[in-house]
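Report on the structure given below.
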Amino acid sequence: MQRKKYQVFTPEAVVEKMLDLLGYKGELIINKRIIDISCGDGAFLVSAAERLIAECKNKNLTTKEIMEKCSQNICGIEIETEYYKKCIKRLNEVIKKHFKKLYIKWKNVNNGDGLLHSEDNYDFVVGNPPYISYKDMSSEQKEYLRNNFLSCKQYRFDYSFAFIEKSLNILSDQGKGCIISPINMYRIKSGIGIKELIRPYLDVIVDVTEDNIFPRVLTNPVISVFSKTKKTNEIVLLKRDLAPRKLPRETFENDINLFINVGSRRFGDYFSVHNGVATLYNEAFIVNSDSDLESEVLMNARSPKFSRFNLNKKIIFPYLHSSGTINKIDEKDFFEKYPNCPN
Ligand SMILES: C[S@@+](CC[C@H](N)C(=O)[O-])C[C@H]1O[C@@H](n2cnc3c(N)ncnc32)[C@H](O)[C@@H]1O
């Protein structure tokens, strides 16, 4: 099946990290419901099921009871039938691994539209929502989102905003949510709606912009952890090995811009970069390719004009290349070593 641009699944290490941030561990999870409203092939649900089964076993629940807990408490929705089926298959493999031939009906994992989900009061909400930019949405999609989601009322909103808003709406008063999404929602004008909705509930933002979580995908992701419990006036910002920073809730987005270095993924990691050279005096530096200057100091020269007139030219390159660095050749050494070069 051809993957769409927004079907970028979460790697296992990140899934585990997010479930930890969510606090989805320990015996408390046995009676709590967790949901991913855009669950793909089940990255979060599979790990959650593993954790749930381990806790149930620790508490000596019977196999039948464990099955019921899984069926009741692991919840997900995926719109693409192929991925939904794959998700169910992966969940069944977890069951098979622990209980041999038993079969379970995952009654709360469904093939459908997560934005239309009508149940709420979930204890844990987790996810990596689909990112579809405004320009890539159909007019019907835009219209639907504009009419149904506060985060999509104005500007050029992203599809993911509606999923984050929905995740907030279906969380119980004691529940906790954890979403990975592009940092842009906190920085760009069109993110204003979702930013204002999530602001009162944010507990922690984890800067993972430098972790290259989704190779070859041009998003700078952050993990947001939120809950509806009583709040302080600060949001904690975590970044790799740095000490946690506390940011004022009302203005945290200004600090994010200073603190999170989104420039760490280079354009050159994705594209081959070549810069032009301005000699400022071509007559001195550009020679014909059959010139008798020493070949070690000549490089092929390209320019629109040379291409247009099919000219074979060389440029004098008075540098030494070694181990990936380029060093200038001392002027005196240069003329001694390359006597044919004009002085
Ligand atoms: C970025 S992927 C993440 C999948 C999974 N949560 C993960 O982290 O691996 C987003 C998923 O949302 C699904 N999706 C898109 N629109 C949806 C909708 N309206 N309702 C439910 N799922 C949707 C896509 O098919 C895709 O599988």
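The values are calculated or read from the model by the stated rules, or taken from the named source; none is laboratory data. It should be emphasised that the depicted structure is a prediction, and the values quoted were computed from it without experimental measurement. When we count neighbours, we look across all protein chains shown, and the Cβ atoms used for this are built from the backbone with ideal geometry, even at glycine.
Could you grab me the full set of residues in segment 35-91 that are within 16 Å of the ligand (Cβ to nearest atom), of a type in the set (A, V, I, L, M) and part of a helix (DSSP H, G or I)? Answer for segment 35-91, where residues must be within 16 Å of the ligand (Cβ to nearest atom), of a type in the set (A, V, I, L, M) and part of a helix (DSSP H, G or I): Ala43, Leu45, Val46, Ala48, Ala49, Ile88, Leu91.
In the set (1) part of a helix (DSSP H, G or I); (2) within 25 Å of Gln7 (Cβ to Cβ); (3) in contact with a Phe, Trp or Tyr (Cβ under 7 Å, 6 or more places away or on another chain), Val126 fails one condition alone, (1). Can you spot a residue in segment 99-110 that is within 16 Å of Gly175 (Cα to Cα), exposed (fewer than 15 other Cβ atoms within 10 Å of the Cβ) and assigned by TED's automatic domain parsing to the domain that holds Lys239? No - not one qualifying residue is present in segment 99-110.
Please count how many residues of segment 95-112 are in a strand (DSSP E or B) and closer than 16 Å to Ala48 by Cα.
The qualifying residues number 1.
Got a sec? Which of Leu171, Leu150 is surrounded by fewer than 23 Cβ atoms within 10 Å (Cβ to Cβ), over 21 Å from Tyr24 (Cα atoms), touching an Asp or Glu at 6+ places or on another chain (Cβ under 9 Å) and not aromatic (Phe, Trp, Tyr)?
Leu150
Within segment 291-318, residues that are closer than 18 Å to Ile329 by Cβ reach partners that are in a helix (DSSP H, G or I) and aliphatic (A, V, I, L, M) with beta carbons closer than 6 Å, at six or more positions or on different chains, in the pairs Ile316/Val297; Phe317/Val297.
On the basis of being out of contact with any Cys (no Cβ under 8 Å at 6 or more places or on another chain), modelled with pLDDT under 95 and either of a type in the set (Lys, Arg) or surrounded by fewer than 17 Cβ atoms within 10 Å (Cβ to Cβ) (or both), does Lys86 make the cut? Judged against the criteria, Lys86 is not a match. Against the condition at pLDDT below 90, touching a Pro at 6+ places or on another chain (Cβ under 6 Å) and closer than 24 Å to Phe157 by Cα, how does Thr219 come out, does it pass? Yes; evaluated as a whole, the condition is true for this residue. Scanning segment 112-133 for residues that are within 24 Å of Gly175 (Cα to Cα), more than 9 Å from the ligand (Cβ to nearest atom) and of a type outside the set (Phe, Trp, Tyr) yields Ser118, Glu119, Asp120, Asn121, Asp123, Val125. The residues in segment 158-189 that are in contact with a Pro (Cβ under 7 Å, 6 or more places away or on another chain) and either of a type in the set (S, T, N, Q) or under 20 Å from Asn147 (Cα atoms) (or both) can be counted, and the count is 5.
Which one is surrounded by the most Cβ atoms within 10 Å (Cβ to Cβ), of the residues in segment 116-142 that are over 24 Å from Met18 (Cβ atoms) and under 20 Å from the mean Cα position of the chain (by Cα)?
Met137
Enumerate the pairs (first residue in segment 58-81 and in contact (Cβ under 8 Å) with a residue 12 or more places away in the chain; second residue anywhere and part of a helix (DSSP H, G or I) and basic (Lys, Arg)) with beta-carbon separation below 8 Å, excluding pairs fewer than 6 apart on the same chain, so at least 6 apart or on different chains. Close Cβ pairs (under 8 Å, with a partner that is part of a helix (DSSP H, G or I) and basic (Lys, Arg)) amount to Leu61/Lys69; Ile66/Lys57. With respect to the conditions (1) more than 21 Å from Glu119 (Cβ to Cβ); (2) modelled with pLDDT of 95 or more; (3) among the charged types (D, E, K, R); (4) near the ligand (Cβ under 8 Å from one of its atoms), Lys4 lacks only one, and its number is (2). Pairs linking a residue in segment 152-173 that is assigned by TED's automatic domain parsing to the domain that holds Val222 to a residue that is of a type in the set (A, V, I, L, M, F, W, C) and away from the ligand (no atom under 15 Å from the Cβ), with Cβ atoms under 6 Å and 6 or more positions apart or on different chains, are Phe161/Ile194; Ile164/Ile194; Glu165/Leu197. Put simply, of Arg146, Arg156 the only residue that is touching a Phe, Trp or Tyr at 6+ places or on another chain (Cβ under 9 Å), more than 20 Å from Lys228 (Cα to Cα), more than 14 Å from the ligand (Cβ to nearest atom) and in a loop (DSSP other than H, G, I, E, B) is Arg156. Determine, yes or no, whether Asn92 is out of contact with any helix residue (DSSP H, G or I) (no Cβ under 8 Å at 6 or more places or on another chain), among the polar types (S, T, N, Q) and surrounded by 13 or more Cβ atoms within 10 Å (Cβ to Cβ). Taking the combined requirement at face value, the residue satisfies it.
Here Lys313, Lys337 are screened, and the one residue that is within 19 Å of Tyr281 (Cα to Cα) and basic (Lys, Arg) is Lys313.
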